[in-house]
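Everything below concerns the one structure shown next.
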Amino acid sequence: MKVQFNSKLEENLVRGTLKIQKLLIYRVIQKTLLLIFPFALFGSFVKIIQTVVIGKEGFLTDILPPFGNDAIFRLIDNVTNGLYNLSLGWVSVIAIFGAAKYTAKYYHRDDQLAGITGISALLIMDYTYSKTQPISFHAQILGMRGLLFAIVSGMVIGWIFKIFSRSAPNLKKNQLSNSILERTFISLRPIIITFILAIIFSTLINVTYYSEAPGNFINALSTETTPSNDWAQLGKTLIFSIYTLIMSFFGWSGTYSALGVEKMDALSTINLNYALQKHTAWNAPNPFTSATLYHSFATYGGTGAILGLIIAILIISKDKDFQTVARWAMIPSLFNISSGVMTGIPILFNVIFLIPFILAPLANMLMAALAIALHLMPPSVYPVPIGTPGPLIAFIATNGSWQALVFSVLAIILSVYIYLPFVKMAAKVKLLDNLGIEEGES
């Protein structure tokens, strides 16, 4: 298919992406993400009800009328918790099944047994050793934060099936039971090896979890000391913000990520106490913190300023798949829940969107930092409800500053303009190499 390129740089990026997409690891990741998309999308809507609508600190909790019957409230809460845990909170289980299945299928091994083995292995690795709760798991690893870990583990399991088993036999109707037994014994050795490795990883994960080593490391990195001047503080905050963006992108590899750091840190608490005493957010003692920059201007729609991408798709993209995903994911993204668009486009591990995914939040933070430094708007010092739409975070956190609202709108526009050329490139990549065509391939 003939595709016109606007520049040599665009052509190089598209051609380079096409080469990467030929790799087995990329194919498996993309197919797996498309497999979990409906569960992630459904779970994102459930998450809105669970945290934004009926949550104690949700954005709409105080706006909507309260439930007159506690029994009805508890029923809705229990139902949404169950639906979330078995959809968005369960996507890593589906992911390891898909990754193991697709990898084993590529090597002509028993893909069904590989996928089931992957599910069992993840549950073994994620099992919590607790006397108070006999059967429990680390919920974070089962959800989106464990996605990368699950996909990599699934591919390793598929590779173990390749090394330690032979090709799966074809099932014949008149020899169904014998064929199933033959498949079982062919795959028995990789299944046992996988379970042994899963037990070892389970021990390591539990030791790491109870020692709180990752959390201590992040807390040590994010020191609570105040730099001597504003520009030094700005430099420290931007460095931490870059680290936060990187960790948020790869944070699905385990329970912890840099996003686990509480928004209301020591510096933010000092700012809040100042605002409560002075009755204003202007001239807060710590104008450059993760709360005033990253959480107020870089997370519109979720990590990577994804709301800008959705708007860019709706504006210029002619691809029906992109348009459909963007329309369905718009409402959750308004409440900063991005799992639908991250898996449906998909954004995760997509080479084309890596640059704007990091660049858009950094550009928004830089604009906000300059505006605060030049006293064009006050810093965000007040806490905001969970699920507050991205464009309203700074407005609410400054107690209704119209200047903050203006710069929030400018941040959205800036994000859209950053994503626009990459949306065009992604459409060209999809035209040249449509992954969906491969669904029927072996």
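The values are calculated or read from the model by the stated rules, or taken from the named source; none is laboratory data. Because the structure is a prediction, the values reported are computed rather than measured. Cβ atoms come from the backbone with ideal geometry, glycine included; neighbour counts cover every protein chain shown. Areas reflect the complete protein model, heavy atoms only, side chains present, ligands, DNA and RNA absent. Shrake-Rupley method; radii C 1.70, N 1.55, O 1.52, S 1.80 Å.
Which count do you get for residues in region 95-146 that are within 23 Å of residue 190 (Cβ to Cβ) and assigned to a helix (DSSP H, G or I)?
Selection size over region 95-146: 30.
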Exactly one of 418, 396 is without any contact (Cβ under 8 Å) to a residue 40 or more places away in the chain and either touching a His at 6+ places or on another chain (Cβ under 8 Å) or of a type in the set (A, V, I, L, M) (or both), and that one is 396
Exactly one of 59, 45, 73 is of a type in the set (Phe, Trp, Tyr), at pLDDT 80 or above and either touching a Pro at 6+ places or on another chain (Cβ under 9 Å) or closer than 21 Å to residue 341 by Cβ (or both), and that residue is 45
Hey, does region 4-16 have a residue that's in contact with a helix residue (DSSP H, G or I) (Cβ under 7 Å, 6 or more places away or on another chain), open to solvent by 60 Å² or more (accessible area, probe 1.4 Å) and on the phi < 0 side of the Ramachandran plot?
-> no
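Sort out which residues of region 18-37 are more than 15 Å from the chain's Cα centre (by Cα), assigned to a helix (DSSP H, G or I) and either charged (D, E, K, R) or surrounded by fewer than 22 Cβ atoms within 10 Å (Cβ to Cβ) (or both), and write them in order of number.
We begin by selecting, within region 18-37, every residue more than 15 Å from the chain's Cα centre (by Cα); these are 18-28, 31, 35.
Imposing the further condition that a residue be assigned to a helix (DSSP H, G or I) reduces the set to 18-21, 24-28, 31, 35.
Once the filter is applied, which keeps residues that are more than 15 Å from the chain's Cα centre (by Cα), assigned to a helix (DSSP H, G or I) and either charged (D, E, K, R) or surrounded by fewer than 22 Cβ atoms within 10 Å (Cβ to Cβ) (or both), region 18-37 yields 18, 19, 20, 21, 24, 25, 26, 27, 31, 35.
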State whether the residues of region 262-275 include one that is open to solvent by 10 Å² or more (accessible area, probe 1.4 Å), in contact with a Leu (Cβ under 7 Å, 6 or more places away or on another chain) and part of a helix (DSSP H, G or I).
-> no
Identify the residue in region 79-88 that is free of Cβ contacts under 8 Å to residues at least 60 places away in the same chain and closer than 17 Å to residue 58 by Cβ and, among all such residues, is least open to solvent (accessible area, probe 1.4 Å).
-> 80
Residue pairs qualifying under the 7 Å Cβ cut-off, at least six apart or on distinct chains, with the first in region 9-20 being among the acidic types (Asp, Glu) and the second being not in a helix (DSSP H, G or I), are 11/5
